[in-house]
Amino acid sequence: MSPRPHTHGDPGLPGVHREEHRHAGQPAHRHPHHHRAETGTVPHEHAHPTSFESLTYTVSPIHALDARTKIVGATVLILGVVLTPPLRLAEALLLAALLAALTATARLPVGRLVTRSAAVLPFAGTIALLAPLGADGGSWNIGGLMSAWAGGGLVITWGILSKAWFSAFCMLLVAASTRRADLLGALRRLKVPEVFVMLLSFITRYVGVLGEQLRSLRTAMVSRAPTLRGRALLRSLGSIAGNLFVRSYERGERIHAAMVSRGYTGTLPITTRGRLRSADILFMAMAALSAFAIALY
Amino acid sequence: MEARNRHGLIELHGVTHRYPDGTEALRGIDLTVAEGRSLALLGPNGAGKSTLLLHLNGILRPTTGSVRVDGAEVTSATVRDVRRRVGLVFQDPDDQLFMTTLYEDVAFGPLNGGATPDEVDRLVHTALHEVGLADAASRPGHHLSFGQRKRAALATVLVMEPRVLVLDEPTANLDPRSRRQMVALLASLGTTALVATHDMDVAWELCTDAAVIDDGTIVAAGPKERILTDAALLEAHGLEMPWAVRTGAADAPATIAP
Amino acid sequence: MHIPDGMLEARTWIPAWIGSAGVLAYGARRVRAMLSDGTIVMMAVMAALIFALQMLNFPVAGGTSGHFAGGAAAAIVLGLWPAMLVMAAVVAIQALLFADGGITALGANLFTMAIVGPLVGRAVYVTARRVSSGRTAQLAGSFAAAWGACVVAALAAAVLLWLSGRAPLGAVTAAMGLWHALIGIGEGAITAGLVGYLLAVRPDLLADADRQPDAAVVRKVAIVLGVIALVAASVSFLASSNPDGLEYAYEQVGSAFEGMTLLEGPMPDYVVPGIANETLAGVLAGIVGVVVTGVLAYAGLTGLRARRAEEGQR
């Protein structure tokens, strides 16, 4: 937003003003259990924002690890997988066993993590299949492709697919075993700029509320015009986006007012908890060793 | 308003507020909230209640007129102090629970005020205990039910130990049980308060005084016994008599003020 | 369009990370200096909104569907730097919490979706506004901005994939480009609808497109990106002289098949991709980068000159 002109003594809160004159008749939405996972209702490749949140409350040794350990450990493991030649079968099986063991220790549903991480495969697959042709263009026809595959190009395809899948799985393992608050705190302590941590915090906090408003607007649209197509559909979606935008803007103003009322001076106060314990050191060592093992063999 | 020799805890004199687009939200408001009293601010939607409330802790400044809190005028210099003394609880709890856990939300005020981690811990647990949410500290605020979130939002303000509590529609959209819980909780606080509401029964139950605002001006103010029994006045401004008054039920046992 | 881990080579994803982190860190400082605390809170809520809006699906050709991305919309409404940060946060959350895009590849994904997207969106919109300040220009400009952002971001991703030797340039740019040209129609329409709604209801919320610094900013960012593209291309070239994992695989596996009569002809080419090709790749990347940024800079500068001329005439 362009900085709005500040008239004397009036920071201006049209959000509130308009709310009184327009929204005043609408009750605030009640959200008793909107955090329950509703993966089926929004057909979309991006996961429902809260689908994993309930999993983060499980109690397990992995959940108990410091968030920084998990982030760094996962990163090291992913680097090990990504920076090295495509895994040989034995290595891949060992890695899979390791990840399965971690998932079991974390008391998380393996099937769900596997299917969710497999979401990377379609995109990765399309590129992976073409990859053996390489940057020099090759003969880009079925003949060229077939000979590329037969000539060992399938290793490249395997490499891309396996790396993508393993890495996705590692990240999901971290995401499903770490509470949002701890994840954000860890990022802050890992020196991610404050602006980003604040953005990430607000996204995870308000996406549920906004998502629900979006759903009601969409339901209203669909109930009133179930057969909308093409341009008309897009125009309606545009209005929904605009409506939600204005409401979010006004909400932003109210949130800022609430923050300022409690003394906000520009930086979010930090309560840093958590110390690295022996379990954390052990985990990091294990991740590092695995990465090295993959790299060396 | 009953005359008081000492100054009111909150005083508005001739406050007008004009928005940048020219709309006049407040036209010459004179209002006093005396210490030890609780004032119900009543009025139809669009009357200016929320705008008025935002003047009480300096978020909005009057176009003309003055706002005084505990004897001091609200200016850029005094505003930080004012915000510690005036605890403003907004209508939508989602706007006030913006951190990742309830603990962090309640700790926000004290931390910004420079309290040490130990003090913060003590204050947070006291406040959560006061509103009955002691065991929800490590959960995200938005995982609570609506009624719990209203109480959580209250805790984020109570933790700062304000001199006067300002509440915007504390019982709006609450189911009957949550509403009773909230009313009981507020009644137990024993603090000077200003409650903006259209819930006439809450006004009658919790407050000692009442003021009616319509179209940006205060049309009547005084003890609740006088204001909330005046059927003609109430109807003229889109309000109704409290149920207790209409049926002649006994007075509520406790108000929010001590 | 989120690239997963393992798809890009180190020579591509490392410069991408460095470049993106640099641009965004600079952006973070600019934003803090430029905006009040209140507006930063606003940005945060907008970020949540964009994330939520990405659930808006629309059908695209046949049984497939695309979804709203929001980079151009963010740039039009919030301004360039806030939009970049907002989109960066969205992309980062998707990578960290949903494995939508890898973390080594995060730098590349930030480049395409959080830097190129908003930049193109803002440049096109600002240019359209210079041409005419009428409502039609604003709506058409919004549509074009969103469409352009969608397509160019996809092309950027395609180029990155090609730089890693994942696909032939022509094929991958054609595929990604065409697909996103279709999705772009939906994105453009929704963005235009959003802007139209705001013009009708809250015109004060649209970031002032006539603000002078915009063209200069666009030009600066475009130049920085051009430099990054050139650096990445040169690093690419240098790094490729050391056989990396991909080539190791080619060599190992390829040599195992030597002697099999069934496979001949193109085979030797795949065993050791010629250095000459890598050089060509590097040079081409540099040229593409400079041309793209040049076009953007030109658009921004023309706009700036037009405005100056206008002011001179008053």
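Of note:
- Matching residues, segment A:223-258, being modelled with pLDDT of 85 or more and of a type in the set (A, V, I, L, M): A:Leu237, A:Ile240, A:Ala241, A:Leu244, A:Val246, A:Ile255, A:Ala257, A:Ala258
- Residue match in segment B:94-106 (condition: assigned to a loop (DSSP other than H, G, I, E, B), within 8 Å of another protein chain (Cβ to nearest Cβ) and among the hydroxyl-bearing types (Ser, Thr, Tyr)): yes
- Residues within segment C:23-47 that are free of Cβ contacts under 8 Å to residues at least 40 places away in the same chain and more than 8 Å from chain A (Cβ to nearest Cβ), tallied: 3
- Only a single criterion out of (1) away from chain A (no Cβ under 11 Å); (2) in a helix (DSSP H, G or I); (3) over 18 Å from the mean Cα position of the chain (by Cα); (4) not polar (S, T, N, Q) is not satisfied by B:Pro110, namely (1).
- Considering each residue of segment C:58-71 in turn, none proves to be within 21 Å of the chain's Cα centre (by Cα), facing chain A (nearest Cβ under 8 Å), crowded, with 24+ Cβ neighbours inside 10 Å and in a helix (DSSP H, G or I).
- Complete set of residues in segment B:158-178 that are touching a Leu at 6+ places or on another chain (Cβ under 7 Å) and either surrounded by fewer than 19 Cβ atoms within 10 Å (Cβ to Cβ) or within 8 Å of chain A (Cβ to nearest Cβ) (or both): B:Arg163
- Restricted to segment B:215-256, and to residues there that are of a type in the set (Gly, Ala, Ser) and outside any loop (DSSP other than H, G, I, E, B), the residue that is surrounded by the fewest Cβ atoms within 10 Å (Cβ to Cβ) is B:Ala232.
- Check on B:Ser145, of a type in the set (S, T, N, Q) and under 21 Å from B:Pro176 (Cα atoms): yes
- Every residue from segment C:151-171 that is surrounded by fewer than 24 Cβ atoms within 10 Å (Cβ to Cβ), without any contact (Cβ under 8 Å) to a residue 60 or more places away in the chain and within 10 Å of chain A (Cβ to nearest Cβ): C:Pro168, C:Gly170, C:Ala171
- Residues of segment C:1-57 that turn out to be of a type in the set (S, T, N, Q), surrounded by fewer than 23 Cβ atoms within 10 Å (Cβ to Cβ) and under 30 Å from A:Thr157 (Cβ atoms), as a count: 2
- Filtered residue count, segment B:129-139, keeping only those that are under 25 Å from B:Arg83 (Cβ atoms) and part of a loop (DSSP other than H, G, I, E, B): 3
- Out of A:Ser167, A:Ser201, sole residue that is hydroxyl-bearing (Ser, Thr, Tyr), crowded, with 24+ Cβ neighbours inside 10 Å and at pLDDT 90 or above: A:Ser167
- Strands (runs of 3 or more DSSP E) completely within segment B:23-77 that count 2 or more residues being away from chain A (no Cβ under 14 Å) and in contact (Cβ under 8 Å) with a residue 24 or more places away in the chain: B:24-33, B:38-42
- Only one of the numbered conditions (1) crowded, with 23+ Cβ neighbours inside 10 Å; (2) out of contact with any helix residue (DSSP H, G or I) (no Cβ under 6 Å at 6 or more places or on another chain); (3) within 7 Å of another protein chain (Cβ to nearest Cβ) is violated by B:Leu88, and that is (2).
- Unique residue being in contact (Cβ under 8 Å) with a residue 24 or more places away in the chain, away from chain A (no Cβ under 11 Å) and under 22 Å from C:Val124 (Cβ atoms) when the list is C:Met113, C:Met87: C:Met113
- Note on segment A:226-259: residues that are free of Cβ contacts under 8 Å to residues at least 60 places away in the same chain, more than 8 Å from chain C (Cβ to nearest Cβ) and touching an Asp or Glu at 6+ places or on another chain (Cβ under 9 Å) amount to 1.
- Sole exception among (1) within 12 Å of chain A (Cβ to nearest Cβ); (2) farther than 30 Å from B:Glu240 by Cβ; (3) outside any loop (DSSP other than H, G, I, E, B) for B:Thr126, by number: (1)
- Residue within segment C:208-217 that is modelled with pLDDT under 90 and touching a Phe, Trp or Tyr at 6+ places or on another chain (Cβ under 9 Å) present: yes
- Considering (1) of a type in the set (A, V, I, L, M); (2) free of Cβ contacts under 8 Å to residues at least 24 places away in the same chain; (3) not in a helix (DSSP H, G or I), the lone condition that B:Ala196 does not fulfil carries the number (2).
- The set of residues from segment B:93-107 being under 19 Å from the mean Cα position of the chain (by Cα) and either of a type in the set (A, V, I, L, M, F, W, C) or over 17 Å from C:Ala44 (Cβ atoms) (or both) comprises B:Pro93, B:Leu97, B:Val106.
- Pair list, Cβ < 9 Å and 6+ apart or interchain, from segment A:191-218 residues that are facing chain C (nearest Cβ under 8 Å) and under 20 Å from A:Ala181 (Cα atoms) to residues that are among the hydroxyl-bearing types (Ser, Thr, Tyr) and assigned to a helix (DSSP H, G or I): A:Tyr206/A:Ser248; A:Leu210/A:Ser248
- When A:Ala175 is tested against (1) more than 9 Å from chain C (Cβ to nearest Cβ); (2) closer than 24 Å to B:Gly141 by Cα; (3) among the aliphatic types (A, V, I, L, M), only condition (1) is not met.
- Answer from B:Glu130, B:Glu119 - the residue that is without any contact (Cβ under 8 Å) to a residue 12 or more places away in the chain, in contact with a helix residue (DSSP H, G or I) (Cβ under 9 Å, 6 or more places away or on another chain) and surrounded by fewer than 24 Cβ atoms within 10 Å (Cβ to Cβ): B:Glu119
- Within the set B:Leu167, B:Leu154, the sole residue that is under 24 Å from B:Gly58 (Cβ atoms), at pLDDT 95 or above and not in a strand (DSSP E or B) turns out to be B:Leu154.
- Test: residue in segment A:237-252 that is part of a helix (DSSP H, G or I) and in contact with a strand residue (DSSP E or B) (Cβ under 8 Å, 6 or more places away or on another chain): yes
- Of note, A:Ala150 does not satisfy the criterion of being closer than 24 Å to A:Ala287 by Cβ and either modelled with pLDDT of 85 or more or within 11 Å of another protein chain (Cβ to nearest Cβ) (or both).
- Residues of segment C:13-22 that are within 11 Å of another protein chain (Cβ to nearest Cβ) and closer than 13 Å to C:Val159 by Cα: C:Trp13 alone.
The values are calculated or read from the model by the stated rules, or taken from the named source; none is laboratory data. Please read all numbers here as calculations on a predicted model, not as lab measurements. With ideal geometry, Cβ positions are generated from the backbone for all residues, glycine too; neighbour counts draw on all protein chains shown.
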